[in-house]
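Comments concern the structure below.
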Amino acid sequence: MSLRYIPMSDAEARRMREGGLDAYGNAPERQISDGDDVPCRHCLDYVEAGAPYLVFALRPFSSLQPYAETGPVFMHAEACPAHDGETLPPILSSRDSYLLRGYGPDERIVYGTGDVITREQLETRANELLARSDISAVHVRSTKYSCYQCRIVTA
C-alpha cells in the first residue's frame, strides 16, 4: 500500500508565522538554527544552520480529548513549501529510532500499536498498522525527545 506523510497544514503554518497563538495560547518563539537536528513540521526537512525558525506547542488533533497530545515543535520562520506527502520526508531519514502509534478515526490511540522502530522498519510497520480496519492514521514521534514528527495515512 502507498503511504502519505502529512505535515502540518499550510493554514496552520501561515498562522504561526503571522504570530498566531500556539496550542497553549503563547506566541511562537523565534530562534536561529545551529543546523543540528532542527526538523520543520511543515516542509518535513531540516532548518539549515543560521536560518531562523519558530518553536511552539502543536496539538496535531482536531479536538480536545484525553489522547490529544501537545508538545513542542520547530518550523522554518520563513515560508517553506509543505512536504509533498508522496516521498519519505528527510526528517524521517535519520539513524535515530522512532515511536509509531496507531490512531482510530476518533483520534484516540489504539492500544497495542505503539512501537519503537528503526528507520528501516518505519514504512513496513506503518503499512502493517494502516492495514488494520481500526486504524486510520499513524503518528510518528522522535524517541529522543518524544516530539511529534508527522502523520502517516494511506494514499
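Things to note:
- Length gained when the stretch D134-R14 is fully extended (0.36 nm per residue, less Cα-Cα span): 39.9 nm
- The label point for R95 and the one for S63, both projected 7 Å from the Cα toward the Cβ, are 4.4 nm apart.
- Annotation: extensible slack from D37 through T154 equals 39.4 nm (criterion: 0.36 nm per residue apart, minus Cα-Cα distance).
- If you take all other residues with their beta carbon under 10 Å from the beta carbon of L3, and give Lys and Arg +1 and Asp and Glu -1, the sum is -1.
- Distance between segment 122-145 and segment 70-86 - C-alpha centres, whole angstrom: 20 Å
None of the figures in this text is laboratory data; all of them are computed from the coordinates on show. Quick caveat, the model's predicted, so the values are computed rather than measured. Because the Cβ atoms are built from the backbone with ideal geometry, glycine has one as well, and the counts that use them run over all protein chains shown.
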